[in-house]
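The values are calculated or read from the model by the stated rules, or taken from the named source; none is laboratory data. Predicted, not measured: the structure shown is a model, and the values here were computed from it. Reconstructed Cβ throughout: ideal geometry from the backbone, glycine too, with neighbour counts over all protein chains shown. In case anyone asks, the SASA skips ligands and DNA or RNA and just uses the protein heavy atoms, side chains included. Shrake-Rupley method; radii C 1.70, N 1.55, O 1.52, S 1.80 Å.
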Amino acid sequence: MLALPVAAFALASAGALSTSSTSTSSVKPPIIGYVHATSSSSCDSRNVNCSSNPGATCMSADATPLPVWKYNALGTACDQQLFKP
């Protein structure tokens with residue numbers, strides 16, 4: 001007779017733990033990156049999921065993908081390459 005309430009409590013506890021662990025998300029929102037669409041000095045914005053951590057080159061989602069860059073610390077040129085996360 002005691003087994004049924006204990007089993008119900010165990011199932012409820014497991015359900016509560018599984019829902020709270022899925023509520024935390026590590027997905028980062030898109031950032032603004034820039035492509036050199038018309039010339040090497042142009043900076044046309046794109047929403048991308050990129051990172052500053054070195055890795056594979058981050059490319060735009062354009063019909064013809066282009067490398068994605070961010071502005072330098074001075075904000076004078078988009079010449080800092082971005083990478084896939």
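Within the stretch 50-78, the set of residues being under 21 Å from the mean Cα position of the chain (by Cα), part of a loop (DSSP other than H, G, I, E, B) and not aliphatic (A, V, I, L, M) comprises 50, 52, 53, 54, 55, 58, 60, 62, 65, 71, 72, 78. The set of residues from the stretch 61-82 being under 12 Å from residue 31 (Cα atoms) and open to solvent by less than 70 Å² (accessible area, probe 1.4 Å) comprises 68, 69, 82. Taking the stretch 63-80, which residues are touching a residue at least 24 places away in the same chain (Cβ under 8 Å) and under 10 Å from residue 35 (Cα atoms)? Listed by number, the residues that qualify are 66, 67, 68, 69, 70, 78. Among the numbered conditions (1) open to solvent by less than 90 Å² (accessible area, probe 1.4 Å); (2) assigned to a strand (DSSP E or B), the only one that residue 47 does not meet is (1). Taken residue by residue, the stretch 35-43 has no member that is modelled with pLDDT under 90, within 15 Å of the chain's Cα centre (by Cα), open to solvent by 50 Å² or more (accessible area, probe 1.4 Å) and polar (S, T, N, Q).
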